[in-house]
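Here the structure is laid out as C-alpha cells; the discussion comes afterwards.
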Amino acid sequence: MKRSFRISAIITLLSAGLFSCEKYLDVKPEDQFVESAVYSTEQGFINHLNGLYQDMGSTNLYGGNLTLTFVSVLGQEYNVSGTAGHDWYQHANYTYTNSSTEPAIDAVWTNGYKVIMSSNNLLENMDKYPGTLRPGRDSIIRGEAYAIRAFMHFDLLRLYGPVYLTDSTAKSVPYITHADINVRPLLPANNVIDSVLADLDRAESCLRNDPVISAGPRRIPGQQQVDFFLQQRNGRLNYFAVKALKARIHLYRANKPAALAEAKAVIEGAGKWFPWTNLKLVTGNGGFPDRTFSTEHLFDIYCPRLYVTYTGSFSPSTTDAKILAAHPTRLTTTYESQEGDYRYNPSWIIPTGGNKTFRCFFKFADLDNKDSSELFRYRVPLLRISEMYYIAAESETDPAAALGYLNTVRYNRGLADLPPTAAIETELRKEYQKEFYGEGQVFFYYKRKAQTTVPRGGATSGNFTMSAKTYVVPLPKSESDYR
C-alpha cells in the first residue's frame with residue numbers, strides 16, 4: 001500500500017482536535033517530535049482522539065464523499081445520471097475509471113486508512129505510556145478508538161468490498177491493527193467482518209460504564225468548553241452507537257437474530273435518551289429548523305466544512321451543472337406525494353429567489369442565524385435510532401411485530417400506520433429512500449440487498465441494472481498498481 005500507508009503516523013495524529021482544539025505538538029522538523037512529552041498528559045491523548053473525529057468529518061470522508069455527495073450520487077438520489085454535462089455524471093453512471101471519479105475513490109481510501117492508522121497509533125501509545133490516564137477515561141478512550149477503527153474499516157468494506165450477500169469470501173480490503181507502513185493483504189470480506197465485530201466487542205467492553213447509559217448524551221447548548229467524557233456523547237462513538245453499529249453489521253451479513261438482539265437493546269436502552277423529533281422542531285423551532293432530527297442521532301460527526309460543501313453542491317445559487325437535487329418526478333414518487341412527511345417539505349424547498357423552479361435540498365443548509373448555539377449545526381448523522389427500528393422490522397420473524405417497528409417510525413414522521421397487509425420489504429426500501437437522503441445509506445442498502453435494479457435518478461422512470469461492476473468501487477490506482 002505504497003501510497004495509502006506511507007503516511008507518517010506523526011502526520012496522521014496531528015490534526016487539530018474537534019471543536020477547534022489547539023494543535024499540541026511543536027514539530028521539529030516536520031515529522032519528528034518528542035513523543036513522550038505528548039503522552040505525558042491526559043490532554044495529549046484527548047487531543048489525539050479528537051483529531052480522529054475531526055479527520056472523519058473531513059470532506060473526503062463523512063463531511064462529503066461518504067454522506068452528502070459521492071456515495072449518495074451512487075445511490076441515484078440526485079438528478080445527475082441523465083445529464084451528460086453535469087459534474088457528477090460519471091459518478092452516477094458508475095464510470096469508475098474516469099478522471100472525475102478517480103480522485104474521490106482515492107480520497108476515501110487514503111483518508112479512511114489515515115484515520116485507521118491514527119487510531120492504531122493512539123491505542124499503541126496508550127499501552128506504551130500507561131498510567132497517564134485515569135482508569136475511567138482510559139477505558140472510554142480505548143473504547144472509542146476501537147469503535148472508530150471498526151467503523152472506518154466497515155465502510156471501506158461496504159464501498160470497495162464485494163456484494164456480501166452473493167460473494168462473502170471474495171477479497172476485499174486489508175484490516176490494519178498496527179501503526180506501521182507494512183503492506184497488508186486484501187482479506188476475504190467475511191474475515192474483515194469478523195475483525196470489525198471483534199473490535200466492536202472490545203469497544204463495548206471498554207464502554208460498559210459510559211455515562212451515556214445512565215445519563216444520556218447530555219447535549220449542552222452554548223458550551224465553549226465541553227467535557228466529552230460526560231457531555232455531547234452523541235458526538236462520539238458511545239456505548240449505544242457501538243451497539244447500533246453491531247446491529248447494522250449483523251444485518252449486513254444476514255445474521256438477523258443477532259441484528260434483532262442488538263437493535264432491540266438500543267431501542268430499549270437508548271430510547272428515552274434519544275427522543276423522536278416533532279413537527280415544531282423540524283419546521284419552526286424559533287427559526288432554527290432541525291431538519292436532520294438531531295435528538296435521534298445516536299452518533300453524528302462534526303464537519304467544519306459542511307456549509308462549504310452545501311454551498312458548492314446544494315445551494316439554489318449553484319449552477320445547474322453542479323447542483324445536486326432530486327428529479328422532481330422521482331422526488332414525488334419517493335415521498336408518495338405525502339406532504340405531511342417531516343422529511344419532505346422541510347428539506348425539499350422551491351427557492352423564493354434565484355432561477356431554480358424545482359425543489360432544492362435544504363436538509364444540510366446552515367441556519368440564518370449564524371450565531372445560534374443550536375447543537376445540530378455542522379453535524380451529519382451517521383447512526384440514527386430510526387435505523388434500529390428498520391433493522392428490527394427486517395429481522396423480526398413475527399410479521400405483526402415487524403410492522404409495529406415500522407409503524408413507530410412512520411408515526412414519528414407524521415404518517416399514518418401501514419395496514420396489516422403491507423409488504424414489509426417493499427415498505428422498508430421506501431423508508432430507507434426517504435429517511436437517509438443525503439446520508440450515504442441508500443447505496444449501501446441496495447448493495448446489501450443485492451438489488452438487481454435501482455431507480456435511475458436522472459429520469460422520470462426507468463432503472464439501472466446493477467451488478468458487481470456497479471456495486472463494487474475499484475481500489476484506487478495508488479493501491480492496485482502497487483499490488
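The values are calculated or read from the model by the stated rules, or taken from the named source; none is laboratory data. Quantities reported herein were computed from a predicted structural model and do not represent experimental measurements. Because the Cβ atoms are built from the backbone with ideal geometry, glycine has one as well, and the counts that use them run over all protein chains shown. Calculation scope for accessible area: heavy atoms of the full protein, side chains included, ligands and nucleic acids excluded. Shrake-Rupley method; radii C 1.70, N 1.55, O 1.52, S 1.80 Å.
Computed over the Cα atoms of the stretch 307-349, the ratio of the radius of gyration to the Kirkwood radius (Rg/Rh) comes to 1.03.
Using 0.36 nm per residue and subtracting the Cα-Cα separation, the extra length available between A84 and S36 on full extension is 11.8 nm.
Distance distribution note for the stretch 332-397: the fraction of Cα pairs above 17 angstrom is 63%.
For the residue pairs K356/K477; K171/K322; K280/K370; K430/K477, the alpha carbons lie more than 29 Å apart in K356/K477; K171/K322; K430/K477. Each of V380, T408, A422 was scored by the projection of its Cα onto the charge dipole of the stretch 337-441, and the greatest displacement toward the positive side belongs to V380; charges sit on the C-beta of Lys, Arg, Asp and Glu. Computed over the Cα atoms of the chain, pair by distinct pair, the Kirkwood hydrodynamic radius stands at 22.9 angstrom. Sorting the segments 337-344, 155-162 by their residues' average number of neighbouring beta-carbon atoms within 10 angstrom, most packed first, yields 155-162, 337-344. Over the stretch 346-468, Cα pairs under 8 Å with separation of 6+ residues give a relative contact order of 12 percent. At a probe radius of 1.4 angstrom, the accessible area of the chain per residue rounds to 38 square angstrom. Per the 1.4 Å probe, what fraction of the accessible area of the stretch 374-427, in percent, lies on carbon and sulfur atoms? In the stretch 374-427, the share of accessible area belonging to carbon and sulfur is 57 percent.
Across the stretch 73-194, the relative contact order, built from alpha-carbon pairs under 8 Å that are at least six residues apart, equals 19 percent.
Of the peptides 43-53, 183-193, 60-70, 229-239, the order by per-residue mean of other Cβ atoms within 10 Å, starting with the highest, comes out as 60-70, 229-239, 43-53, 183-193. Rg of the Cα atoms in the stretch 374-483, relative to 2.2 N^0.38 Å, amounts to 1.31.
Normalised by the number of residues in the stretch 308-405, the mean separation of alpha-carbon contacts (under 8 Å, six or more apart) gives a relative contact order of 20 percent.
Value of Rg to Rh for the stretch 153-246, rounded to two decimals, is 1.10; Kirkwood radius and Rg both from alpha-carbon coordinates. Charged side chains reduced to their Cβ positions (Lys and Arg at +1, Asp and Glu at -1) give the stretch 340-416 a dipole of some 340 debye around its Cα centre.
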